[in-house]
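A quick write-up on the structure given underneath.
Derivation of every value follows stated rules applied to the coordinates shown; laboratory data play no part. Only a predicted model underlies this, so the values are computations on that prediction, with no experimental measurement involved.
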Amino acid sequence: MSNINLSPESAKDWHVVGLIVQGNPEKFAAIRTALLAIEHTEIPTFDEKFGKMVVVMQSHDQHILLDNMESVKDIDGVINVSLVYHEQDEQKK
């Protein structure tokens, strides 16, 4: 992962994706902790009983974002990851 820490205001491009992540409810806390350890990742809502969560990831680089999204599949207890939204914001400078 890149050591560049850019904000949406300072980046040339900014990508935002929305994911639905389904995981084993028994491993839900560990999945949530692992997701929140990924830079520019948020979990705006979740249902622990059913092991489902909405995850928002952001990055200035689409390749970093793709790597982060792919890494979610490798988290112990994750069953399925579905991309439901993508937006690219190009800054006018």
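Were the residues from Ile79 through Lys27 laid out at 0.36 nm apart, the gain over their Cα-Cα distance would be 17.6 nm. Computed extension length for Glu87-Phe50: 10.6 nm, one decimal, from 0.36 nm per residue of separation with the Cα-Cα distance subtracted.
Taken along its principal axes, the alpha carbon cloud of region 22-80 reaches lengths of 34, 21, 16 Å, longest axis first.
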